[in-house]
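Coordinate-derived values only; no laboratory data. Not measured: the values here are computed from a predicted model. Please note: Cβ atoms are built from the backbone with ideal geometry, for glycine as well, and neighbour counts cover all protein chains shown.
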Amino acid sequence: MELSANAKINLTLDILRRREDGYHDLQMVMQSVTLADALTLTPAQGEEGCAASNLHFLPTGGKNLTQMAAAAFRAAAGAGGEVDVSIQKHIPVCAGLAGGSADAAAVLRAMNALTGAGLSLARLAEIGARVGSDVPFCVLGGAALAEGRGERLTPLPGLPLCHIVICKPPFSVSTPQLFSRVNVRKIVRRPDTAGVIAALNAGDLTGVARRMYNVFEDVLDRRRYGEIASIKAALIDCGALGASMSGSGPSVFGLFPRLEDAQAAQERLLGSYRDVFLCAPAEKNV
Ligand code: C5P
């Protein structure tokens, strides 16, 4: 079975509080995008399933998120066998784009279809929450407000037609480390989450773009912050209505009403960066 696993961007990311269990309560408006990994699922050749990809450093056994998703599905649905997963990665890893979560979510949906288990997307999202905080959103796709750890989802109208340029600078940021640097009481700048939701409901691209923000941008060290800021400036300079960092970074994206401007931005950033993608908002899964 062939599957496509869409990346996501954060139109907003706000941290509300640190919880007793070490996680944080978040408020994020997420949007899935057409940048996607391609997966192939086949019955396992050996006794246990494995995951192969074009990136040699990804785990191939039970620690691969796709195998964790398959195991979570089997345990919850009481159906399905071991599967081999072949992954063509197009979504950069450790980039704030939920690449691993997208692959896990695609496997959950595929196993549901292959076994005829008939679980609802909401139930699959629940199962996905055990694999990773962004998996529930990736199961649903489209646009949603994610709260709690990221598992409480309220679907929203997706972004109006636009072009999205995503640029990942060549450093990675450890998500737990970034969370540990946040002092929730000292966050000064926050995204206008309610404003972004109202703008999505009104189909107002400019209104969304002007209100986007990610509180993680404030806790980056000087050098990294400088690089994120310069990518944002380049995107805006080329005609983006707004630009922000996605997730725990370091990917930065800009929203463009005009395709020619988005293409020019991609070309300009490709002069300095390898991972620069031009994509569009993706529809929710059915
Ligand atoms: O759930 P996931 O494995 O994606 O989370 C990675 C890490 O990010 C967690 O171990 C935790 O340190 C941090 N995290 C958090 N609050 C969240 C989501 C993630 O503190 N809501």
Legend entry - Lys, Arg +1 and Asp, Glu -1 on Cβ, resulting dipole of the chain about Cα centre, debye, nearest 20: 840 debye
Inset, instruction - Determine the shape class of segment 1-52: with a ≥ b ≥ c the square roots of the Cα gyration tensor eigenvalues, call it rounded for a/c under 1.5, and otherwise prolate if a/b is greater than b/c, oblate otherwise. - result: oblate
Legend entry - Surrounding net charge for Asn183, when Lys and Arg each add one and Asp and Glu each subtract one, Cβ distance under 13 Å: +4
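Rounded to the nearest 20 debye, what is the charge dipole size of segment 126-180 about its Cα centre when +1 sits on each Lys and Arg Cβ and -1 on each Asp and Glu Cβ?
Numbers: 4 positive and 4 negative charges, 23 e Å.
For this selection, approximately 100 debye.
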Legend entry - Label-point separation in nm, Ala280 to Arg210, each point 7 Å along Cα→Cβ: 2.6 nm
Inset, instruction - Specify the angular offset, from 0 to 90 degrees and rounded to the nearest 10, of the alpha carbon long axis of helix 193-202 from the longest principal axis of the alpha carbons in the chain. - result: 80 degrees
Legend entry - In nm, spacing of pseudo-spin labels at Leu178 and Leu55 (7 Å Cα→C-beta vector): 1.4 nm
Inset, instruction - Return the long-range amide H neighbours of His24 (sequence gap of 5 or more, or a different chain), with a cut-off of under 5 Å between placed amide H atoms. - result: Arg19
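Can you tell me the length gained on complete extension of the stretch Asp218 to Met1, counting 0.36 nm per residue apart and subtracting the Cα distance?
Stretched fully, the Asp218-Met1 segment lengthens by 73.9 nm.
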Inset, instruction - Using amide H atoms built 1.01 Å from N in the peptide plane, name the residues 5+ places from Ala51, or on other chains, whose amide H lies under 5 Å from its own. - result: Gly61, Val85
Inset, instruction - In whole Å, largest first, what are the principal axis extents of the Cα atoms in the chain? - result: 53, 42, 36
Inset, instruction - List, in order, the whole-Hz ³J(HN,Hα) value for each residue of segment 159-174 obtained from phi through the Karplus relation with A = 6.51, B = -1.76, C = 1.60 and θ = phi - 60°; use x for Gly and Pro. - result: 4, x, 3, 6, 10, 10, 9, 10, 10, 10, x, x, 9, 10, 10, 6
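For Leu114 and Gln45, compute 0.36 nm times the residue count separating them, minus their Cα-Cα distance, and round to one decimal in nm.
In short, 23.1 nm is gained.
In what order do Phe216, Phe253, Phe179, Phe171 fall by count of nearby beta-carbon atoms within 10 Å, going from fewest to most? Spell out each step's value before the answer.
Working: Phe216 25, Phe253 30, Phe179 17, Phe171 11.
Neighbour counts put them in this order, fewest first: Phe171, Phe179, Phe216, Phe253.
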Legend entry - Simple Cβ-charge dipole of segment 164-286, Lys/Arg +1 and Asp/Glu -1, about Cα centre, in debye nearest 20: 540 debye
Legend entry - Stretchable slack from Ala38 to Val93, in nm (0.36 nm times residue separation minus alpha-carbon distance): 18.4 nm
Inset, instruction - Provide the per-residue ³J(HN,Hα) series for segment 211-228, in order, calculated from phi with Karplus coefficients 6.51, -1.76, 1.60 and θ = phi - 60°, each as a whole number of Hz, with x at glycine and proline positions. - result: 9, 6, 6, 10, 5, 5, 4, 6, 9, 6, 5, 3, 5, 5, 4, x, 5, 4
Inset, instruction - Can you grab the distance from the C-alpha centre of segment 170-207 to the C-alpha centre of segment 220-239, Å, no decimals? - result: 16 Å
Inset, instruction - List the residues of segment 213-246 whose backbone N lies under 11 Å from a point placed 7 Å from the Cα of Lys186 along the Cα-to-Cβ direction. - result: 219
Legend entry - In order through segment 28-34: 3J(HN,Hα) via Karplus (6.51 cos²θ - 1.76 cosθ + 1.60), integer Hz, x for Gly, Pro: 9, 9, 10, 9, 7, 10, 6
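Kindly rank 153-164, 111-122 from highest to lowest mean number of other beta carbons found within 10 Å of each residue.
Numbers: 153-164: 17.5, 111-122: 15.4.
Ranked from most to least packed, the peptides come out as 153-164, 111-122.
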